[in-house]
Each structure stands twice: as structure tokens, then as C-alpha cells.
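Comments concern the structure below.
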Amino acid sequence: MLEPSERTIPGMLRNQAARHGNLALLHIEGQAWRYSDICEIAARSAGRLADAGIVRGDRVALICANRATLIETILGCGWLGAIAVPINTASRGPSLAHVLANAGARLLIMEPDFRHVLPETDALIWHVDAMPAPGDAIPPADIRPGDPLAILYTSGTTGPSKGVICPHAQFYWWGIHAGALLGVREGDVLATCLPLFHTNAINAFFQALLAGATLDVAPRFSASGFWRMLAESHATVTYVLGAMVPILLSRPPAPEERTHRVRIALAPGVPAHLHAAFTDRTGIALLDGYGSTETNFVLGCDIADQLPGRMGPAVPGFDARVLDDDDNEVQDGNAGELALRADAPFAFAQGYWAMPDKTVEAWRNLWFHTGDRVVREPNGYFRFVDRLKDAIRRRGENISSFEVEQVLQSHPAIAGVAVFPARSELAEDEVMAAIVVRDGHAVDPAEIIRFCEGKLPYFAVPRFINFTDALPATENGKVQKFRLIAHGVGPDTWDREHAGIVVRR
């Protein structure tokens, strides 16, 4: 375990380079980085940023696929003292404009095909296929563990997306705790096909770095190519999200499901009844648990102690409580909001960028309030019940109901709208909208879908639409979404998948 002062990008890179030397650290886009190369890569990336006028505290935004450029830039920011802002490549319209405006990035590094959807920005723009050459290596800045390394945008619930301020030491603790629960050790190969703009894949890099392992990054998830990816990378550990397991199990069994060396996968949100089926078929154990962009790997246990349908107990180093509406702790067996606290300094995020009111609200009484409704059982294990927040989880993506509603409300034929989750056959949420049409107007559901394209990420475009004369509301006009959720998909619901409409990415 590193000394507290070394829980920074410069500290972690220097220590692990000295320790693991010529071992492979990263395979991505056909490139191979060794531990002995990593300080030079970070220092020259920082030099390139410095040559462009980027200084400590500046934000560097990235709209970038799974490329070496993304990791290289994050490390360069950490070496220089700048702040990386990885942005979901599916972001579009108002949500993308909000992120860019809120972050106030001085530099934007982006895929060239984003030019046609990019809102107005004052940032200097580099295209990933025409980047300036790395600069001269520069010495690391005097970085402290609590300095921000990244701002990661997570879905808004009653408003726009919030930028989570993640300090250097938070990524250190992600690597330590997740690596320990997965049993990552020197010589392991960690393979991920998840996007590097999300916490999950970024943290996989730190799990590898701190264990002397190798991270192999694939461009994207492909059900048809998943097993080949594991075999070709010689992976021993991998990562899946809740919907990926049902998708993989829905395919006919094939010999390639056993032509790999993977022993375990981090698998948050996978339905409990699929764990045994997946392990029996593929030989891969699935590790559940709980963490969020704002926190860390806070609930979980060794695979041998895992209980079906349970996220696990609090991981040593973290406290977890279940609270009522007044922040009083409820008795075991009763549902309430999950609240979390860390023992180590800077193991959690430090708030939301440029949103002090939201920071105070979430961290009230010195506990982080997750917005998730859970039950703690007498044995200390936590069970997820549902979300208190007005958000939708679809195939690993957090979707803000508010942002979808804002786009739909801008349609000239729509008088009122409420967006909420509907359960899908993949055991996760689908986006559903209840829509009130303006008097004297008519609207085709397919036209609404086309209207949303380019204004929303593809995964946030509604699948289900119900037309209604009025939305259920309280006496003060607040929409009662619980009634809409309870009604769910009915015989009058329009389903774009059944209509054969494919949303363009």
C-alpha cells in the first residue's frame, strides 16, 4: 500500500514503474505500454498540454472512443495538475451543451465525426486523428491526493447532469478495493470492452496498475465477439454490466464460451437467478457489489462469501447506513436510503462541479446520500430495492428523465410529458414516455423518435410511448410518476422495437 502522499498519478506511476519495470501494463489500439514507459508517456502528454497553454486546474474535455489518446490524456492531466473531463460519446443536443458549458473546458479532444453535432464552444479543439505530437517530458507538478483528477458526468435526476469531482486518491482506492475483491494479482490480464469515459473501465486501469497486471481494452461490447476478445487477450479477469449477461445467455451455447482463461468477472446489477447459469455455462464466476461515480467499491465481499441477490456487506474502510427521510437509521429488514462514508481521506468524490447546492444536498450530515433504496439484513448484507432518484438505468447507462423530458417538451405538438422506467426482458429499465398532445395537433410516435435523434444519446430515446389526455398529478401540480410506473406497458402502448424503428447512433 502506498504512502498517502503517493496516492496521486505521479506517485502511482513512479512507484509501479520502479516495481514492475518491463511488464506489460496496457494493450489498446494495437499499442503496448510497459510499466517502464508509463512515466515518460504521462510526462510527454503533460508537455503537449502545457505547450497548448493548459495549466493546473484547467479542464480538458474528451469525446473519445476507447483509444490510447484518452488514457494518455487523463494521465497527462494528472501529471500536470489539469482536470480530465471524459464525455459519453453518445451525448447529443442540450445534454452535451450543458456538459461543455458546465465544465468550462479550455481544450476539447474529440472524434472528428462529432463536428456535425458539436454545440458552440470557446474551447480549443483537437481531433484525435490529428493530434499535436507529444511534447517534451516535463516534471510532475506538486500534486496532492485530494487534487481533482477528473470530472465524470453522471445522470441528473431532477435537473441537468452533474459533474462528479474525482480526486487522485479516489482512483487509488478504487484500484485497491476492487482489485482485492476480484483477487487481481501480478501477471493477471484484465480485459474490458466497456467505455473508458465511464468509471468502470477507468478504474480497471488502476486495478491493473496497482497489482502489476495488464489491462487489455477492446473497442466496444459485441455479443458475437465477446468470447473471442477474452481468448485473444488471454484474459483472466473481465467486466460485464447487468444487461450483458442476459444478452450473452440468449445466444446459442458455443464451444468458444470455454476457450478462455477468465476466472471471474465484475458483474454489478446482474439478476441473481442468472449467476449460476452463467457460471455453469462459461466457467466465469460473477462478482456483485455496489459502487458509484461519487463513492468507491463500498459494498461487496469475496466471491466465496457472496449471497444470491445481495450486494454484500460494507467493505472494510467504509461505513454504510440505511436512513429514513429524516436521516435516522432504520432497523435491519426495513427499506430506506443508502448513505455512505469513507474512513480514508479522498476515497470519495469531493462534490459536483459548479453545483454547490447539489453537493450540500447529496453530502448532508457528512454522509453521501446515494438516492438508492436498500435493505440491510441482520447478517450485514445489503439488498437493492429500487431507486429513489428520478433516473433510468438502461444497459449500463444512467439516463436523466429530466433531460429526456426537456427534449420531448420542445416538440411543437407536445403539451405535457413524463418520462419514467419500464422493465424490459433484459432485467433492466427501458425508457417510457407518457405524452399529452396539444389541442388541434396530431403526432406520429415514429416522428417523435426521429425528433429525438440528434438531441439525445441513442440509449435515451424512448422505446415505449403512451398517449394520454392528462398526466396524474398532486394538488400542487407535481406529476405522480409512481402511478405511471405502476401502470407500465399496456395494450395501448406503442413500442418502437415492435414497429421496427432503429435509433441511429
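The values are calculated or read from the model by the stated rules, or taken from the named source; none is laboratory data. Keep in mind the model is a prediction, meaning the values are calculated, not measured. Because the Cβ atoms are built from the backbone with ideal geometry, glycine has one as well, and the counts that use them run over all protein chains shown.
Numerical summary
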| read-out | value |
| --- | --- |
| Within region 21-118, strands (runs of 3 or more DSSP E) holding 3 or more residues that are touching a residue at least 24 places away in the same chain (Cβ under 8 Å) and in the same structural domain as P167 (by TED's automatic domain parsing) | 24-28, 59-63, 83-86, 107-110 |
| Matching option when the condition is among the aromatic types (F, W, Y) and free of Cβ contacts under 8 Å to residues at least 60 places away in the same chain, among F297, F318 | F318 |
| Among the residues listed as A320, A265, A285, the single one being assigned by TED's automatic domain parsing to the domain that holds G380, at pLDDT 95 or above and not polar (S, T, N, Q) | A320 |
| Some residue of region 135-143 being in the same structural domain as I54 (by TED's automatic domain parsing), farther than 25 Å from A17 by Cβ, surrounded by 20 or more Cβ atoms within 10 Å (Cβ to Cβ) and in contact (Cβ under 8 Å) with a residue 60 or more places away in the chain | no |
| Subset tally (residues that are out of contact with any Pro (no Cβ under 9 Å at 6 or more places or on another chain), outside any loop (DSSP other than H, G, I, E, B) and surrounded by 13 or more Cβ atoms within 10 Å (Cβ to Cβ)) for region 320-365 | 16 |
| Residue that is surrounded by the most Cβ atoms within 10 Å (Cβ to Cβ), among those in region 366-394 that are modelled with pLDDT under 75, assigned to a strand (DSSP E or B) and of a type outside the set (G, A, S) | R387 |
| Flag for A180 being in a helix (DSSP H, G or I), out of contact with any strand residue (DSSP E or B) (no Cβ under 9 Å at 6 or more places or on another chain) and without any contact (Cβ under 8 Å) to a residue 40 or more places away in the chain | yes |
| Hey, E497 under 25 Å from L241 (Cβ atoms), among the acidic types (D, E) and outside any loop (DSSP other than H, G, I, E, B) or not | no |
| Sole residue being closer than 22 Å to N200 by Cβ and either at pLDDT 90 or above or among the small types (G, A, S) (or both), chosen from E430, E397 | E430 |
| Scope region 412-446; condition assigned to a loop (DSSP other than H, G, I, E, B) and surrounded by fewer than 15 Cβ atoms within 10 Å (Cβ to Cβ); matching residues | P412, E425, R438, D439, G440, H441, A442, D444 |
| Candidate set: region 485-505, residues that are farther than 16 Å from L471 by Cα and among the hydrophobic types (A, V, I, L, M, F, W, C); chosen: the one modelled with the lowest pLDDT | V502 |
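Table: residues versus (1) closer than 30 Å to V503 by Cβ; (2) touching a strand residue (DSSP E or B) at 6+ places or on another chain (Cβ under 7 Å).
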| residue | (1), (2) |
| --- | --- |
| N22 | no, yes |
| C39 | no, no |
| G53 | no, no |
| G78 | no, yes |
| I87 | yes, yes |
| N102 | yes, yes |
| L107 | no, yes |
| P119 | yes, no |
